[in-house]
Amino acid sequence: MESTAAVPTGPATPRPGPLRHNLVSLRRLFWLRWALLGGQALLLVSCEAVAGVILPYSPLLAILTLQTLFNLLTGLRLRQQRGRGARPGDAELMGQLLVDLTALSAALFFTGGATNPFVSFYLPGLAIAAAILPWRHVVVLAFYAMACYSLMLVEYVPLNLYNPDNAINYHLAGMWLNFVVSATMIAVFVARLSNVLRQRDAELNLAREQLLRDARIEALNDQAAAVAHEIGTPLATLAVIAGELRADAADARLGVTRIGAYLPDLQTMEQQLELCKSILARLRDDHETAAPQRVDAWLDGFVERWQLRHPHARLEASVVGEAAAQPVEAARVGQILTILLDNAARSQLAAGHEQVPLRLAIALEDEGEQPTLTFRVTDRGLGIPPAQRARLGEAPMTSMHGGQGIGAYLAQSAALQMGGWLAWHDHHQGGTVAELHLPEPAAAPQDVPPIASPMTTTQP
């Protein structure tokens, strides 16, 4: 086949929603870290006087200073991102929490290690990670926290107490304080993050509904374009007949012609008007009835309707073997074949072969890994130049018989949406063979959402 079409693929659509919520999460981590640094500074100042615990001030002050500097850098980072409209990724949030776990581990190492009642402070950090990060990042942080905890079971700097006999009381008091702080963090931070996630899900649902509405509107636009293209032929026929009648009425040589002499023309006009009405009625009927039909049950009615569009053309249709029992989407397949047959009829008329019958052959063929239902339209018209044929269906383009190529473009779009494609190649006796290839219904993709009517053509 000289010309085939593939479903176009474009770059993945970015998803700004999650990244925007990452910015919210980073901002809350920033302020939460200031609160924790304030609590650590308060404990560092008052622990010895209130609890009688002698702390190693030098390493703890160094850890507190480094955390402060890191949070200042985080603040600058937030300001830069806000100025550039950038968003932090999951890796950056994971790095933030990794720094916090490292600082916590260092502080615990110098204050009793695993014997420090605040050692369970790892859990709020992991809970925060679980609320804002993908599970793979959370697993990494969890293993890192377990490794630090395990190391401090054997290696740490013991606490120096004024009165070792009160160690149990100090431990219980520390556990109580740890519980209060952890519960507050989880209630305030994680609950708010969960609310942010719920808001994000609601926004995604609204966006999805909007996309569906837009798709339906686009489907109606494409359907209207296809109907406008189809209705052009009967309207052109009416225009020709009306022009002939006007010319006869203005011709003085004809005198007064009886109305009965125009009866064939009037009957043709009535047929074309009925055809226009039926095409417009499909805008409603095709939207309401989407059930597929067998090829053999649908074909005769389709041929009869097409002949009404071209009363001076002849169409011979045939179905081969198993293709007769195959189900098809009558509206969309009929729309595509109508466009192909219209073009074939015009091409034959331009070539002066209007008496030669057009041929429509339907067969189930093996092509590659799966069978395809092939609709083959053969004409003896002017043919299509190779350069034009290679681009036919990709965009509207002027044809040799005066068409604008809009019909082929709409037909290719509809075929792509159905998982198939169109192809054109030369006939060995002159003219063109236009082929519609559709995947066998049992093998056709089933993941297309039902957002459009059966006649819809979506532009690729």
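Some values worked out for this structure:
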| item | result |
| --- | --- |
| Two-site label geometry, Q199 and D296: point separation in nm, points 7 Å out along Cα→Cβ | 6.3 |
| Length released on extending from F30 to S46, taking residue separation times 0.36 nm less the Cα-Cα span | 3.3 nm |
| Protection-proxy order for peptides 109-115, 22-28, each taking the mean of Cβ atoms within 10 Å per residue, highest first | 109-115, 22-28 |
| Extension gain from Q80 to L177, taking 0.36 nm per residue of separation minus the Cα-Cα distance | 31.3 nm |
| FRET efficiency, L245 to A147 (Cβ-Cβ, R0 60 Å, nearest 0.05) | 0.05 |
| Cβ crowding within 10 Å averaged over residues, with 87-100, 374-387, 330-343, 70-83 ranked highest first | 330-343, 374-387, 87-100, 70-83 |
| J(HN,Hα) series, the range 371-384, from Karplus relation 6.51 cos²θ - 1.76 cosθ + 1.60, nearest Hz, glycine and proline x | x, 10, 8, 10, 10, 10, 9, 10, 10, 10, x, 6, x, 10 |
| Two-site FRET efficiency, V188 against E155, from Cβ-Cβ distance with R₀ of 35 Å, rounded to 0.05 | 0.55 |
| Gain on full stretching of the segment that runs from Q429 to A387 - 0.36 nm per residue minus C-alpha separation | 13.1 nm |
| Using θ = phi - 60° and Karplus 6.51 cos²θ - 1.76 cosθ + 1.60, couplings along the range 66-81 (whole Hz; Gly, Pro as x) | 4, 5, 5, 4, 4, 6, 5, 5, 4, x, 5, 4, 4, 5, 5, 5 |
| Cα→Cβ-extended label distance, 7 Å offset, between S120 and R314, nm | 9.3 |
| Rh by Kirkwood over Cα pairs, then Stokes-Einstein D for the range 16-162 at 1.306 mPa s and 10 °C, µm²/s | 97 |
| Phi to ³J(HN,Hα) by Karplus 6.51 cos²θ - 1.76 cosθ + 1.60 over the range 341-357, Hz, x for Gly, Pro | 5, 4, 4, 5, 5, 5, 5, 5, 4, 5, 8, x, 10, 5, 7, 6, x |
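A short reminder: the numbers here are calculations on the coordinates, not readings from a lab. Here the structure is a predicted model, which is why all the values come from computation and not from measurement. Backbone-built Cβ (ideal geometry, glycine too); neighbour counts: all protein chains shown.
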